[in-house]
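The values are calculated or read from the model by the stated rules, or taken from the named source; none is laboratory data. Just so it is clear, the model here is predicted, and its values are computed rather than measured. FYI the Cβ positions are ideal-geometry reconstructions off the backbone, even for glycines, and counts take in every protein chain you see. To get the accessible areas, we keep the full protein, side chains included, count just its heavy atoms, and leave off ligands, DNA and RNA. Shrake-Rupley method; radii C 1.70, N 1.55, O 1.52, S 1.80 Å.
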Amino acid sequence: MSSSPGGVSIRRVTKFYGTVEVLPELSVEVQPGEFIVFVGPSGCGKSTLLRMIAGLEAFQSGEIAIDGRTVNGLHPSERDIAMVFQDYALYPHMTVRRNMGFGLQMRGTPAGETETRVREAAATLQIEHLLERRPRELSGGQRQRVAMGRAIVRKPKVFLFDEPLSNLDAKLRVDMRGEIKALHQRLATTSIYVTHDQVEAMTMADRIVVMNHGRIEQVGAPLTLYHEPATRFVAGFLGAPAMNFLPVEVSGGEGVLPGGGRLPLPGVRAGAAELGVRPERLRAAVSSDSANLHGTVAALEPLGADTLASIDCTGHRVVMRLPGDSPIRLGEPMALTVEAAAVFDAASGQRLALTR
Ligand code: ADP
Ligand code: MG
């Protein structure tokens, strides 16, 4: 089978644990040099998939190829990949230098070459001053870097990351996101990164794969998925605060919203559907008559630059994002305009239309 250098082909792989099907016939082509993020809720099969690519987990059918070579049945050490785990998996009794060089040494890399690569990686990650320490003498962020360093020294064709930032505090996580991204820009090594954190996916990925119950919901560039979600699941999973969902009754190319407000939905078939509206796509209406929704301000969350306002609209709560200096008060009536929305099939969750 063929794929470009450094690419990873995942073709119709199926994985069962006992009788439970965890991944049903999953297929993805990872392009050479891209940073692809698999994102989805806990338990959707991300780690299982990554471990299958690494060769740490067997599977029942399908094919995985790395750099054009089928790796089914190849030992992890023969796959030219390096994996960074959530818990770092450092050897506690070894120094940072030894932790980083150990894998190379085990593969018979000459001592001089190992030392050079460790020094290069340590410089890249700015951990040269930590080389003689042991893992227990490091902070969480420093351990994270050592785990990255151990992967980098291998100069693999593919990096595999399994939620590498989950054990870091919020501030450090933001810093490390930037650093991993910058590192990828420098090394241009194909990277497969799995996380449950949609912010990591949005900020780091060239392409995102949204997974749900072992199935792929959508694959695409972060902003494409954000603005043109293929399913209600993708729409609700990406973005914080989450997209608002409202029932809408469609007839004659028009939707009727809770409270009786109307919205043009040309071309959408008649019946019950679901309207998805991003918080930044709800605006205070110019006039009450032109409004799509009417409600009352139920809660305010001033964040500084923005204020999030929760509005009760005829039994449905929506969140809108307003400028931080908006003169808005709890309990006051609000008339809202829907600037852009997505319409989803109420039963299947498939997107039926986008409005503008
Ligand atoms: P994620 O990484 O997305 O949180 P996992 O790949 O770890 O999800 O798990 C996917 C599903 O497979 C979950 O339902 C999990 O409980 C199950 N699972 C994972 N590992 C095993 C195992 N060794 N034996 C049985 N079930 C497992
Ligand atoms: Mg996992």
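Observations on the structure shown:
- Every Cα-Cα pair of segment 124-283 was included, and the share exceeding 22 Å stands at 56 percent.
- Start at zero, step by 5 Å, and the Cα-Cα distances of segment 1-140 spread as 2, 8, 15, 17, 16, 14, 13, 9, 5, 1, 0 percent across the bins.
- Degrees separating the helix 140-152 axis from the principal Cα axis of the chain, which is the longest one: 60
- Pairwise centroid distance, computed over Cα atoms, of segment 198-248 with segment 73-100, Å: 31
- Accessible area expressed per residue, the chain, with surrounding protein chains retained (probe 1.4 Å, Å²): 46
- For segment 64-169, the set of GluC sites (Glu not before Pro) satisfying both a DSSP loop assignment and a count of at most 16 other C-beta atoms within 10 Å is given as 132.
- Mean separation of Cα contacts under 8 Å (6+ apart) over length of segment 241-355, as relative contact order %: 27
- What the Cα atoms of the chain give is an Rg and a Dmax of 24.3, 78 Å.
- Helix 96-106 axis versus longest C-alpha principal axis of the chain: approximately 70°, rounded to the nearest ten.
- Protein accessible area in segment 1-134, 1.4 Å probe - carbon and sulfur %: 50
- Global size of segment 291-356 as Cα Rg and Dmax, reported in angstrom: 13.8, 40
- Top of 341, 121, 285 by mean-square fluctuation, Gaussian network on the chain, Cα under 10 Å: 285
- Between the helical axis of 111-125 and the longest alpha-carbon principal axis of the chain there is an angle of about 20 degrees.
- Amide H contacts of residue 244 (H built 1.01 Å from N, in plane; Pro and chain starts excluded): 277, 278 sit under 5 Å, all sequence-distant by 5 or more or on other chains.
- Rounded to whole Hz, the Karplus (6.51, -1.76, 1.60) HN-Hα couplings of segment 219-234, x for glycine and proline: 10, x, 5, x, 6, 5, 5, 5, 8, 10, x, 7, 9, 4, 4, 4
- Residue 265 long-range amide H proximity, modeled H, under 5 Å: 254, 255
- Looking at segment 269-317, the trypsin sites (Lys or Arg not before Pro) that sit in a DSSP loop and have at most 15 other Cβ atoms within 10 Å of their own Cβ are 269.
- Amide H contacts of residue 306 (H built 1.01 Å from N, under 5 Å, at least 5 apart or other chain): 324
- Helix content alone sets the calculated 222 nm mean residue ellipticity of the chain: runs of n ≥ 4 DSSP H residues at -39500 (n - 2.57) each, divided across all residues, give -7000 deg cm²/dmol.
- Working note: Karplus 6.51/-1.76/1.60 with θ = phi - 60° gives segment 260-269 the couplings x, x, 10, 8, x, 10, x, x, 7, 5 Hz, where Gly and Pro are set to x.
- Site pair residue 115 and residue 128 shows an inter-label distance of 1.6 nm when each label is modelled 7 Å from Cα along Cα→Cβ.
- Segment 39-121: C-alpha gyration tensor shape, a/c 1.5 cut-off, then a/b vs b/c: oblate
- Rg(Cα)/(2.2 N^0.38 Å) for segment 241-355, N = residue count: 1.05
- Low-density loop cleavage sites - trypsin sites (Lys or Arg not before Pro) in segment 38-147, where at most 14 other Cβ are within 10 Å (DSSP): 107
- Per-residue Karplus couplings for segment 197-211, computed as 6.51 cos²θ - 1.76 cosθ + 1.60 with θ equal to phi - 60°, are listed in order as 8, 5, 5, 4, 4, 4, 7, 9, 7, 6, 9, 10, 10, 8, 10 Hz, Gly and Pro entered as x.
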